[in-house]
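Enquirer: The structure's right below; bear with me while I get my questions together.
Computed from the coordinates by the stated procedures, all read-outs in this text should not be read as laboratory data. In this text, all values refer to a predicted model and were calculated from it rather than measured experimentally. Here Cβ is always computed from backbone atoms with ideal geometry, including for glycine, and neighbour counts include all displayed protein chains.
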Amino acid sequence: MQEIKGFSKLSKQAKMEWIANTYFNGDQTVIDNLKSYWHSDESIQKLHDEFVENTITNFYLPLGVAPNFEINDKVYCVPMAIEESSVVAAAAKSAAFWKERGGFKATVSNTNKVGHVHFIWKGRNPASLVEWFNNNKSIFLEETQRLTANMEARGGGIKSISLENKTHLEKGYYQLEAQFETIDAMGANFINSCLEQFSKTLESGLHSSTLAESEKEVEIIMCILSNYTPDCLVKVEVSCPVDELNVEGSVPPLEFAEKFIRAINIANIEPYRATTHNKGVMNGIDAVALATGNDFRAIEASAHAYASKDGQYKSLTNATIDPDGIFRFWIEVPMAVGTVGGITNLHPTVKFCHKLLGNPKAKELMMIIASTGLAQNFGAVRSLVTTGIQKGHMKMHLFNILNQLEATETEKETIRKEFETKTVSHKAVIDAFCQLRGIKVDRKIRKEI
Ligand code: MEV
């Protein structure tokens, strides 16, 4: 395929034309299709165009909502942006289930974020570097003052800065490690700016110090926040007496609870299962993170690193039955989210999602997102240890087909009951329905079935 220079300088129209000509034999319908996703309001489209580079159109994902999420006695209607069917339905079903049993209880234990200046220092005497750093620590804070003033006014800022000797891992490798409180911002720009200033203070401070010439040389490798935020942690729990775990009519509650706990234990001892198990958790977490304009890649990275904190990749959720017969199910997950900054105050749909949630602060949003992850995991594991996961997927599929066949609401309700209570395939249900109604299914629908 063709190489192009200066693509970013082309107009949006010219970019689409180049794509249509280069990759689609000049097919103009490709351009029409891309344009059909532009927003009708030019100013809103311009806003979207400017979020990233080389924008040609918008990429649609469904935005669903899961109502009835009771978290710390407050009920939310949670927005979820996701392409995978059944996820929103599962979250809503779990939310309603736990609402009847006291809802989700959430706490944020800390909101510390971390960043590093990674550098190489080849001086002979590490103690002299340590001494210099301890004597000059306050200068690092003074020289970042112009960057931290606003954040401090909001109650945040730099919480600590330390020198870490990592030479046992790599020759000459040291870090300046800093802890930050960024309040309602995810804080990436703030943290990275502070770190870059630290690196300048380090270089200039060492050069003007009284250390030996050979001890003044420092090579800054990089300054960057860490997306691993084990001290920015949220915990959410649901609980109820075991005998209230009447999930699917046919499974006795204790049998369900024990099987459920066994499934969680399997995720704790078997990384193959843990990966899929946590993927299900992230179905919920990512969908809310995306809908609220948060960096779901950062959240994913941190969650998976946390899942490995004991040296083996494990489940992010846990479950137990207390001696007094109470079933407990909880998640503990690190999460750096923002309710200000980034696209949160710009993207119209993201703004809508924040408003829908009552414009929560970052801590509250952490609790909402983690609760959705827990709900999602409950729904997935519940299906897995009872009906099997395909039943839910097939139900969605069945209803898509029934809608196309214009089944009435009463007919759909009868069919739903039959499908949920009997071991019967979606195909058999559709065939029976068509026979009853005397419908001849056209080839297109037949193929979908
Ligand atoms: C599918 O997106 C997610 C599940 O595989 C999660 C799980 O297995 O726990 C259903």
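Enquirer: Report, in debye and to the nearest 20, how large the dipole of the range 168-277 comes out about its Cα centre when Lys and Arg carry +1 and Asp and Glu carry -1 on their Cβ.
Expert: For this selection, approximately 180 debye.
Enquirer: Identify which of V30, V88, V281 has the largest mean-square fluctuation in a Gaussian network model of the chain, with springs joining Cα atoms closer than 10 Å.
Expert: So, out of V30, V88, V281, the one fluctuating most is V30.
Enquirer: In the Gaussian network model of the chain, springs joining C-alpha atoms below 10 Å, which of D286, D295, D49 carries the largest mean-square fluctuation?
Expert: Most flexible of the set in this elastic network: D49.
Enquirer: Can I ask one more? Taking 56 Å as R0, compute the FRET efficiency from the Cβ-Cβ separation of T410 and A149 and round it to 0.05.
Expert: 0.30
Enquirer: What relative contact order, as a whole-number percentage, does the chain give when Cα pairs under 8 Å and 6 or more residues apart are counted?
Expert: Contact order relative to length: 17 percent.
Enquirer: In addition: So which GluC sites (Glu not before Pro) in the range 197-276 end up in coil per DSSP with only 15 or fewer other C-beta atoms within 10 Å?
Expert: Listed in order of number, the matching sites are E217, E248.
Enquirer: Ok, one more. Set the bar at 21 Å for Cα to Cα. Now go through K93/K363; K395/K447; K427/K447 and name every pair that lies beyond it.
Expert: K93/K363
Enquirer: Would the chain count as rounded, prolate or oblate if I go by the C-alpha gyration tensor, calling it rounded below 1.5 in a/c and otherwise prolate when a/b exceeds b/c, oblate otherwise?
Expert: oblate
Enquirer: Considering only DSSP beta bridges where both residues belong to the chain, give the percentage that are antiparallel (nearest 5).
Expert: The antiparallel fraction comes to roughly 95 percent.
Enquirer: Among A153, S214, V114, pick out the residue whose Cα is farthest towards the positive end of the charge dipole of the range 111-225, where Lys and Arg carry +1 and Asp and Glu carry -1 on C-beta, about the Cα centre.
Expert: V114
Enquirer: Right, something else. Compute the distance in nm between two label points, each set 7 Å from the Cα along the Cα-to-Cβ direction, one at I269 and one at E255.
Expert: About 2.3 nm, to one decimal.
Enquirer: Computed FRET efficiency, Cβ-Cβ of T22 and N58, R0 22 Å: what is it to the nearest 0.05?
Expert: 0.55
Enquirer: I've got another one for you. Relative contact order, percent, of the range 110-230 when contacts are C-alpha pairs under 8 Å separated by at least 6 residues?
Expert: For the range 110-230, the relative contact order is 45 percent.
Enquirer: Treating only the Cβ atoms of Lys and Arg (+1) and Asp and Glu (-1) as charged, compute the dipole magnitude of the chain about its Cα centre; round to the nearest 20 debye.
Expert: Once rounded to the nearest 20, the dipole reads 880 debye.
Enquirer: Another one. In the chain, if the dipole is taken from +1 on Lys/Arg beta carbons and -1 on Asp/Glu beta carbons about the Cα centre, which of P126, Y60, Y173 is farthest to the positive end?
Expert: Y60
Enquirer: Round to a whole angstrom and tell me the spacing of the C-alpha centers of the range 221-297 and the range 190-219.
Expert: Centre-to-centre (Cα) distance: 43 Å.
Enquirer: Round to the nearest 0.05 the FRET efficiency obtained for E213 and Q312 when R0 = 51 Å and r is the Cβ-Cβ distance.
Expert: Working from the Cβ atoms, E equals 0.60.
Enquirer: Here is a follow-up. What are the ³J(HN,Hα) values, in whole Hz, obtained from phi via the Karplus relation 6.51 cos²θ - 1.76 cosθ + 1.60 with θ = phi - 60°, for each residue of the range 51-57 in sequence order, with x given for Gly and Pro?
Expert: Each residue of the range 51-57 in turn: 5, 10, 9, 6, 5, 10, 6 Hz.
Enquirer: Could you list which residues have their amide H under 5 Å from that of S315, counting only those 5 or more apart in sequence or on another chain, with H placed in the peptide plane?
Expert: N268
Enquirer: Further question: Using a ≥ b ≥ c from the Cα gyration tensor of the range 1-123 (square roots of the eigenvalues), is it rounded, prolate or oblate, where a/c under 1.5 gives rounded and otherwise the larger of a/b and b/c decides, a/b for prolate?
Expert: oblate
Enquirer: Suppose every Lys and Arg Cβ carries +1 and every Asp and Glu Cβ carries -1, with no other charges. What dipole size does the range 178-228 come out with about its Cα centre, to the nearest 20 debye?
Expert: That gives a dipole near 80 debye.
Enquirer: Between the alpha-carbon centers of the range 67-88 and the range 345-375, tell me the distance in whole angstrom.
Expert: If we compute the Cα centre of each part, the gap is 10 Å.
Enquirer: Show me the ranking of peptides 51-57, 15-21 by mean Cβ neighbours inside 10 Å, starting with the highest.
Expert: Order by mean packing, descending: 15-21, 51-57.
Enquirer: Name the residues whose placed amide hydrogens come within less than 5 Å of the amide hydrogen of K159, ignoring near sequence neighbours (fewer than 5 apart) on the same chain.
Expert: Long-range HN contacts for K159: Q179, F180, E181.
Enquirer: OK, next. So which aspartates and glutamates can K444 reach, going by Cα to Cα under 19 Å and dropping same-chain residues fewer than 8 places off?
Expert: E406, D431
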